[in-house]
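Below: one structure, written as structure tokens.
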């Protein structure tokens with residue numbers, strides 16, 4: 001029973017950490033890959049992190065739509081065989097946002113390291 | 001090379017998405033592509049996996065609320081998009097060269113309200129109401145905002161109409177407010193300036209609501225939603 005609870009807490013923490021970083025992940029991937037579609041983003045994250053990070057659809061699409069609304073992303077829809085696919089790419093504002101987000105993330109990681117391992121500082 | 005789902009399977013996915021209360025056609029397209037991509041991937045990993053089983057596994061990854069959160073977020077993102085366009089239009093009149101037009105209109109209205117130059121304030125009020133009625137008539141004939149189809153079937157047009165529908169209220173509110181508080185004969189110096197700014201904003205909105213915003217929507221539909229073949233007048 002106890003390990004299950006611990007596991008749950010651990011998975012929960014992991015998810016909330018991931019959710020907090022989702023915008024940065026999406027923007028960085030789009031910057032590296034020019035344009036991507038929703039499912040491709042989930043797969044790319046799994047591939048890069050060797051299955052450690054799994055972005056759920058329920059978290060990804062709201063994030064994509066939020067960023068689109070902010071003007072960070074733009075999209076276009078193209079036919080792929082018997083269906084249509086929506087591709088997302090960064091706008092100019094998105095490129096600026098990326099630089100800020102990456103700097104914020106690096107500062108955050110640096111500070112977290114200081115807190116977790118104070119002897120290393 | 002990945003195997004694509006058949007036409008029938010895609011049709012099945014649309015039916016499935018509709019059964020999960022996704023009524024907006026533009027959202028259905030987005031979800032169907034996601035489900036189809038995930039199912040194709042699963043079937044590549046396990047060739048014996050049936051379509052129905054794969055669909056149930058893929059849908060299982062969505063939250064218990066199904067697609068509801070996704071629709072809500074998309075809806076607020078689209079609303080934010082239209083608000084930004086609206087603000088962009090209004091702010092445009094605070095910069096050169098458009099600020100000259102706005103300034104001229106404000107000055108002209110001030111002359112009318114304060115001195116009764118050119119026409120009387122009462123005639124001005126009647127002109128504004130007439131313009132608002134003409135705009136409504138024009139949009140009723142050539143527009144699309146009274147169409148139930150655009151309000152209910154597509155999230156992109158639905159959010160446009162719900163946002164700009166709110167703006168419509170101010171066309172009549174301003175002149176009504178204007179007529180209710182005065183005898184429409186004379187206004188004080190400061191009062192006439194304030195009313196001039198207010199009425200200029202309303203006039204610019206009237207123009208935008210009739211001609212500019214519908215064009216903006218048409219452009220948006222052409223660039224991003226051409227696959228939906230939404231026909232606006």
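The values are calculated or read from the model by the stated rules, or taken from the named source; none is laboratory data. Because the structure is predicted, anything quoted here is derived from the model rather than measured. Cβ sites come from the backbone with ideal geometry, for glycine too, and all protein chains shown count toward neighbours.
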*If you take just the helices (runs of 4 or more DSSP H) that sit entirely in region B:19-117, which of them hold at least 2 residues that are under 28 Å from residue B:214 (Cβ atoms) and in contact with a helix residue (DSSP H, G or I) (Cβ under 6 Å, 6 or more places away or on another chain)?*
B:25-45, B:68-92, B:98-115
*Checking residue B:111 against (1) within 26 Å of residue B:217 (Cβ to Cβ); (2) at pLDDT 80 or above, which single condition isn't satisfied?*
(1)
*What number of residues in region B:209-233 are within 16 Å of residue B:149 (Cβ to Cβ) and either outside any helix (DSSP H, G or I) or away from every other protein chain (no Cβ under 14 Å) (or both)?*
9
*Could you list all residues from region A:86-121 that are surrounded by 10 or more Cβ atoms within 10 Å (Cβ to Cβ) and outside any helix (DSSP H, G or I)?*
A:86, A:87, A:88, A:89, A:90, A:91
*Tally, over region A:85-100, of residues that are without any contact (Cβ under 8 Å) to a residue 24 or more places away in the chain and more than 14 Å from chain B (Cβ to nearest Cβ)*: 4
*Determine if region B:35-49 includes at least one residue that is in contact with a strand residue (DSSP E or B) (Cβ under 8 Å, 6 or more places away or on another chain), touching a residue at least 60 places away in the same chain (Cβ under 8 Å) and either surrounded by fewer than 20 Cβ atoms within 10 Å (Cβ to Cβ) or closer than 29 Å to residue B:221 by Cα (or both).*
no
_Odd one out for residue A:36, checked against (1) at the interface with chain B (Cβ under 8 Å from one of its Cβ atoms); (2) in contact (Cβ under 8 Å) with a residue 24 or more places away in the chain_ = (1)
*Consider residue B:69 carefully, then state whether it is under 31 Å from the mean Cα position of the chain (by Cα) and either more than 9 Å from chain A (Cβ to nearest Cβ) or within 29 Å of residue A:63 (Cβ to Cβ) (or both).*
yes
*Is there a residue being within 13 Å of chain A (Cβ to nearest Cβ) and more than 27 Å from the chain's Cα centre (by Cα) anywhere in region B:21-36?*
yes
*Can we say residue B:98 is within 14 Å of chain A (Cβ to nearest Cβ) and more than 20 Å from the chain's Cα centre (by Cα)?*
no
